[in-house]
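The values are calculated or read from the model by the stated rules, or taken from the named source; none is laboratory data. Remember, it's a predicted structure, so these values are computed and weren't measured experimentally. For neighbour counting, all protein chains shown are included, and Cβ atoms are generated from backbone atoms with ideal geometry for every residue, glycine included.
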Amino acid sequence: MKHLILLVTAVLSFSCTSHSQKKEAHDRDEMAATKRITLLFAGDFMQHQRQIDAAVTDNGYNYDDCFSQIKEEVSKADVAIGNLEVTLGGEPYGGYPGFSAPDEYMYAIQNAGFDVMTTANNHCHDKGRKGLERTIHILDSLKVPHLGTYLDIDDRENRYPLFIEKNGFSIALLNYTYATNGLKTKKPNVVNYIGKNLMLRDIVKARAKNPDVIIACMHWGTEYQSTPDKNQIELADWLFAHGVDHVIGSHPHVVQPMEIRYDPVKKQQHILVYSLGNYISDMSALKTDGGVMFKMELSKKDTVKVENCGYSLVWTYRPKFSGEKNYKIIPAASPRDKLPVNVANRLNIFVKDSRNLFTTHNKEIKEYFF
């Protein structure tokens, strides 16, 4: 009898262990079968004259310190995308109103972990044809994928929409600007201007290649206005209705609300960020001294889903406050006791204003910290 009990116990134990092992193996297979990708978006990369002056070294320019406190977070993303709102137009370098940043600025942006740059914005013509084309050539020489401006129509046809293939995902990126500060695009160059006929053709072209998602990066809106204008709202609705999955905005130089929308018919989620604000700049007016990094994690098994998303506030720490040589992007969660009182106060104002805005207007998108 004793031997029988031991035998039954052993069989049951083996059965339970075997079942547990099979479940663990099944869970591992499920996780392996589910593909994931993390995308990170940053706002306007500006370069005013004081930023250029602050980056001067004995050997040229160095901007690495500007990104030292966000580099680790940016590098964690599978794909990090920023809005290059300057030209790399060569010397003479200059800030507003005719931006031309040293090439070292782009070296540092790439070194900080950014993978893709959008270039269709109101400053892409600041240095004329030379500036537009040289920006493209520098990005190409660094093997940085980019979208929005092109050498000619053939260049656009071959490069656009921009497809990012990573982690088993195919991401189609679109980029358009509302205008170029009254400066006309000179042939043969091409700039993507906002226009429904053009955008619809591009969406159809993108969809024909069966991407997992289409994301439109829009340079739009009213400067210094914290809520979207009627054109942004109408255009976002139009983009979603015509096949764009997510919309990320820039240009106003201040943050604007963000939301997740649900399409009950197509059973889809749409992320809409009206404005990411300034990522780094010398702008110091109320609400222009910072911005957000927006992160979304997509998963794919049978369908593509937004697994997680959120924003993190960042702020530009200026030499006149810090006493340091260069400008620096710092997380809004930076310990206040390590900052001068006047700096902590200004940072607190930016954070309070931004959080009040998002608490009032955001829909299902929360803040995250790093």
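Report yes if Leu139 is of a type outside the set (Asp, Glu), surrounded by fewer than 23 Cβ atoms within 10 Å (Cβ to Cβ) and part of a helix (DSSP H, G or I), otherwise no. Reasoning before the result, please.
Details: of a type outside the set (Asp, Glu): yes; surrounded by fewer than 23 Cβ atoms within 10 Å (Cβ to Cβ): yes; part of a helix (DSSP H, G or I): yes.
Spelling it out, Leu139 is indeed of a type outside the set (Asp, Glu), surrounded by fewer than 23 Cβ atoms within 10 Å (Cβ to Cβ) and part of a helix (DSSP H, G or I).
Check Asn192, Asn175 and return the single one that is touching a Cys at 6+ places or on another chain (Cβ under 6 Å), under 24 Å from Leu151 (Cα atoms) and of a type in the set (S, T, N, Q).
Values: Asn192 fails: touching a Cys at 6+ places or on another chain (Cβ under 6 Å).
Residue meeting the stated conditions: Asn175.
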Quiz item: Only one of (1) polar (S, T, N, Q); (2) farther than 22 Å from Pro228 by Cβ; (3) surrounded by fewer than 22 Cβ atoms within 10 Å (Cβ to Cβ) is not met by Asn362, so which one is it?
Solution: (2)
Quiz prompt | Cβ-Cβ under 6 Å pairs, at least 6 apart or on other chains, the stretch 33-53 side closer than 22 Å to Val74 by Cβ, far side basic (Lys, Arg) | solution = Lys35/Lys300; Leu40/Lys295
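For the stretch 249-267, indicate whether the set of residues that are assigned to a strand (DSSP E or B), surrounded by fewer than 18 Cβ atoms within 10 Å (Cβ to Cβ) and without any contact (Cβ under 8 Å) to a residue 40 or more places away in the chain is non-empty. Write out each step before concluding.
Kept after step one, since they are assigned to a strand (DSSP E or B), are these residues of the stretch 249-267: 249-250, 255, 258-263.
Right, trim to surrounded by fewer than 18 Cβ atoms within 10 Å (Cβ to Cβ) and you get 259-263.
Restricting the remaining residues to those that are without any contact (Cβ under 8 Å) to a residue 40 or more places away in the chain gives 262-263.
Among the residues of the stretch 249-267, at least one is assigned to a strand (DSSP E or B), surrounded by fewer than 18 Cβ atoms within 10 Å (Cβ to Cβ) and without any contact (Cβ under 8 Å) to a residue 40 or more places away in the chain, which makes the answer yes.
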Quiz item: Out of (1) more than 28 Å from Gln256 (Cα to Cα); (2) surrounded by fewer than 22 Cβ atoms within 10 Å (Cβ to Cβ); (3) among the aliphatic types (A, V, I, L, M); (4) at pLDDT 95 or above, the odd one out for Ala33 is which?
Solution: (4)
Quiz item: Is one or more of the residues making up the stretch 72-79 closer than 21 Å to Ile248 by Cα, modelled with pLDDT of 55 or more and touching a helix residue (DSSP H, G or I) at 6+ places or on another chain (Cβ under 8 Å)?
Solution: yes
Practice problem: Return the residue satisfying two criteria in turn: it lies in the stretch 170-208 and is outside any helix (DSSP H, G or I) and of a type in the set (Lys, Arg), and of such residues it is nearest to Asn158 (Cα to Cα). | Solution: Lys187
Quiz prompt | Lone qualifier among Asp115, Asp126, Asp152 - being surrounded by fewer than 16 Cβ atoms within 10 Å (Cβ to Cβ) and of a type in the set (D, E, K, R) | solution = Asp152
